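Pasting a structure here, questions to come.
Values in this text are rule-based calculations from the coordinates and carry no lab data. Fair warning: this is a prediction, and the values are worked out from it, not measured in the lab. Note that each Cβ is placed from the backbone with ideal geometry, even for glycine, and that neighbours are counted across all protein chains shown.
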Amino acid sequence: MRVAIVHYWLVSMRGGEKVLEALCDLYPQADIFTLVYDPAAVSQKIREHKVTPSFLQRLPGATRHYQALLPLMPFALESFDLRGYDLVISSESGPAKGVIPPPQAAHICYCHSPMRYLWDHYHFYRANAGFLQRTAMPLLAPALRAWDVTTSARVDRFVANSHHVAARIGKYYRRGATVLYPPVAVGAFRPVDRIEDFYLCAGQLVPYKRVDLAVEAFTRMKKKLVVIGEGPELARLKAMAGPTVEFLGHAPFQVLKSHMARCRALVFPGEEDFGIVPVETMASGRPVVAYGVGGALETVVHNRTGLLFPEQSVDALINAIIEFETCEGTFQPGSIRTHATRFSEQNFSEGFRAIVEEELSAQDMGRVGQPNPRIITPPPPRLKNLGAIH
């Protein structure tokens with residue numbers, strides 16, 4: 001079976017690229033297609049595959065300024081020649097599903113998120129964009145949304161990385177989606193005996209992550225916060241931080257792993273589609289204090305593996321930290337770690353393999369796509385009134 005994996009862009013190693021690595025393990029013979037490619041920025045496992053970038057690669061500065069090339073990405077994706085492939089797997093967060101699959105191939109899209117900057121986060125991204133982007137977005141977005149919806153019909157089976165994302169697929173594409181949580185290397189993390197007096201915030205420093213809430217809250221409380229990560233928000237965050245907030249920038253994996261295991265808790269104030277960092281922290285036996293929306297509702301169990309706060313504000317986060325410190329001793333590292341193992345790489349691989357086999361069997365029987373795809377991962381318990389838990 002000839003397999004093509006289409007990944008939006010390969011310029012760093014983040015959560016989406018970890019999923020790509022898991023797909024590479026499942027399909028070692030697969031060829032990879034991507035919009036732009038920086039070999040030095042990705043793992044050896046990915047480099048071992050044949051990687052074909054689009055014509056955007058030839059534009060000056062493409063691997064650094066790829067986001068500015070969004071209007072050209074539909075043309076680049078449709079230029080890939082996928083004739084002869086039996087299975088096409090698109091890894092979607094930026095555009096990827098917009099390739100033209102051959103008629104005999106099954107096209108399965110693993111969707112990390114419909115493009116946030118075109119849909120539910122459009123106004124947030126526009127408000128935080130520079131003048132040129134802010135001016136261009138209203139002119140370009142309608143056509144890009146139309147293309148995004150139209151290309152959803154090229155997918156035989158959507159697989160969502162959370163129920164939160166599955167709901168957005170239903171809202172914007174009017175398609176059902178099987179839910180399969182992404183692979184987390186839970187085996188790489190372990191609890192330690194010595195917990196130190198600091199909280200941790202880790203991840204890319206971009207506006208929607210709302211790390212500014214954590215920096216302001218811990219500055220006001222005069223409590224120690226360690227921030228690991230880099231991004232366009234770094235200078236602004238440093239400027240607003242007090243002496244109890246420490247920035248480590250981009251840290252090696254061992255440094256990040258050590259801080260996860262030794263922190264009092266991870267602070268997670270952003271809205272994520274899934275959120276791998278909280279799961280890695282829980283695999284280290286440490287609780288998570290998270291804004292109670294999106295993927296956090298599916299990964300963090302309130303009062304058992306962490307605390308969820310109901311409002312994305314500094315005051316709500318401060319109240320959550322105060323509450324956490326009154327019940328900190330009730331969180332059991334072993335129980336927290338056991339919960340994290342449900343998001344293992346093995347569970348992802350077994351689930352994805354089952355989905356592919358099911359879709360290929362359906363196509364062999366002439367039933368292309370599944371109108372009501374089964375749910376691999378059961379939905380999380382719903383919190384009807386999150387505010388009532390405080």
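In the neighborhood of V184, defined by Cβ-to-Cβ distances under 9 Å, what is the net charge if each Lys or Arg adds +1 and each Asp or Glu adds -1? Provide the component values of the computation, followed by the final result.
Details: positive: K18; negative: E280, E345.
Counting the neighbours of V184, the net charge comes to -1.
While we're looking at this one, here's another question. Determine the shape class of region 157-210: with a ≥ b ≥ c the square roots of the Cα gyration tensor eigenvalues, call it rounded for a/c under 1.5, and otherwise prolate if a/b is greater than b/c, oblate otherwise.
Details: a/c = 4.10, a/b = 1.92, b/c = 2.13.
In terms of gyration-tensor shape, oblate.
Let me ask something additional. Could you work out the relative contact order of the chain? I mean the mean sequence separation of Cα pairs under 8 Å and 6+ apart, divided by the number of residues, in percent. Numbers along the way, then the final one.
Values: 738 pairs, mean separation 52.8, N = 390.
14 percent.
Region 1-148: percent of C-alpha pairs farther apart than 18 Å?
Numbers: 6211 of 10878 pairs.
The calculated P(r) of region 1-148 puts 57 percent of pairs beyond 18 Å.
Express the relative contact order of region 1-55 as a whole percentage, based on alpha carbon pairs under 8 Å and six or more residues apart in sequence. Before the final figure, lay out the partial values.
On the way: 82 pairs, mean separation 23.5, N = 55.
In percent, rounded to a whole number, it is 43.
Here is a further query. For the chain, restrict the atom set to alpha-carbon positions and state the Rg and Dmax in Å.
Considering the chain through its Cα atoms, Rg and Dmax are 21.0, 65 Å.
Follow-up. Work out, step by step, the length gained on full extension between T338 and V255: first 0.36 nm times the residue separation, then minus their alpha carbon distance; give nm to one decimal. Could the numbers behind the result be given before it?
On the way: separation 83, 0.36 × 83 = 29.88 nm, distance 2.29 nm.
Fully extending the segment from T338 to V255 adds 27.6 nm.
Let me ask something else. Compute the long axis of helix 163-173 from its Cα atoms, compare it with the longest principal axis of the Cα atoms of the chain, and write down the angle in degrees, 0 to 90, nearest 10.
40 degrees
Can I ask one more? Full-extension gain between Q57 and A129, please, as 0.36 nm times their residue separation minus the C-alpha to C-alpha distance.
Details: separation 72, 0.36 × 72 = 25.92 nm, distance 2.41 nm.
Using 0.36 nm per residue and subtracting the Cα-Cα distance, I get 23.5 nm.
Taking the highest mean first, how do the peptides 45-57, 224-236 order by number of other beta carbon atoms within 10 angstrom per residue?
Values: 45-57: 16.2, 224-236: 17.9.
Sorting 45-57, 224-236 by mean packing, highest first, produces 224-236, 45-57.
Still on this structure, I have one more. Report the relative contact order of region 186-341, percent, no decimals, based on alpha-carbon pairs under 8 angstrom and at least 6 residues apart. Present the calculation step by step, with values, prior to reporting the outcome.
Details: 321 pairs, mean separation 39.4, N = 156.
Once divided by the residue count of region 186-341, the mean separation gives 25 percent.
For region 186-341, I need the span (max minus min coordinate) of the C-alpha atoms along each principal axis, in Å, sorted largest to smallest.
Largest to smallest, the principal-axis extents are 39, 32, 29 Å.
Using a Gaussian network model of the chain whose springs link C-alpha atoms within less than 10 Å, name the residue from R134, R337, R175 with the highest mean-square fluctuation.
Per the Cα network of the chain with a 10 Å cutoff, R134 tops the list.
Take the alpha-carbon centre of region 194-244, take the same for region 288-344, and report the distance between them in whole Å.
Region 194-244 and region 288-344 have Cα centres separated by 18 Å.
Right, something else. Output ³J(HN,Hα) for region 17-27: one whole-Hz value per residue in order, computed from phi by the Karplus curve 6.51 cos²θ - 1.76 cosθ + 1.60 with θ = phi - 60°, and x for Gly and Pro.
6, 5, 5, 4, 4, 5, 5, 5, 5, 5, 10
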